[in-house]
Amino acid sequence: MPPLYASYAILQAYDGYSTIAGLQRGAREANPVMSRIAGKPGAVWAIKGGVAAASILVAERLWKRDHRAQAIATMVLSNGIMAVVAARNAAVLRGQR
């Protein structure tokens with residue numbers, strides 16, 4: 001599980017960085033939930049950290065309650081979603097150069 005946690009945290013951090021960088025270069029936030037706070041870097045980092053921590057805590061609880069397949073699935077799915085988001089953000093940043 002630790003490698004899944006680490007990769008998820010890295011993907012969340014990259015999403016925060018790339019969101020803030022993209023907005024500073026004139027991009028817009030596509031996620032309607034995040035669009036209200038996207039212009040506030042402190043809020044973006046707080047949300048990213050909170051979401052990462054919450055996801056990891058859910059997976060840890062599942063693991064400790066012997067729901068290991070669900071714990072792994074939770075983190076694989078979370079990583080997959082964030083990988084798609086990170087790839088999209090990277091494409092937007094490349095397009096802004």
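The values are calculated or read from the model by the stated rules, or taken from the named source; none is laboratory data. Source: prediction; values computed, not measured. Note that we place each Cβ from the backbone using ideal geometry, even for glycine, and neighbour counts take in every protein chain shown.
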Notebook entry, point to check: Can you tell which of A54, A91, A69, A86 is farther than 16 Å from M1 by Cβ, exposed (fewer than 13 other Cβ atoms within 10 Å of the Cβ) and at pLDDT 95 or above?
Noted result: A91
Margin query: Please count how many residues of region 72-83 are of a type in the set (A, V, I, L, M, F, W, C) and crowded, with 17+ Cβ neighbours inside 10 Å.
Written below: 2
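To keep it simple, each residue is scored yes or no on (1) in contact with a helix residue (DSSP H, G or I) (Cβ under 6 Å, 6 or more places away or on another chain); (2) under 13 Å from D15 (Cβ atoms); (3) at pLDDT 95 or above.
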residue: G42; (1), (2), (3): no, no, yes
residue: A46; (1), (2), (3): no, no, yes
residue: G49; (1), (2), (3): no, yes, yes
residue: T74; (1), (2), (3): yes, no, yes
residue: N79; (1), (2), (3): yes, yes, yes
residue: M82; (1), (2), (3): yes, yes, yes
Next item on the list: Hey, can you tell me all the residues within region 11-38 that are without any contact (Cβ under 8 Å) to a residue 60 or more places away in the chain and outside any helix (DSSP H, G or I)?
Entry: R28, E29, A30, N31, R36, I37, A38
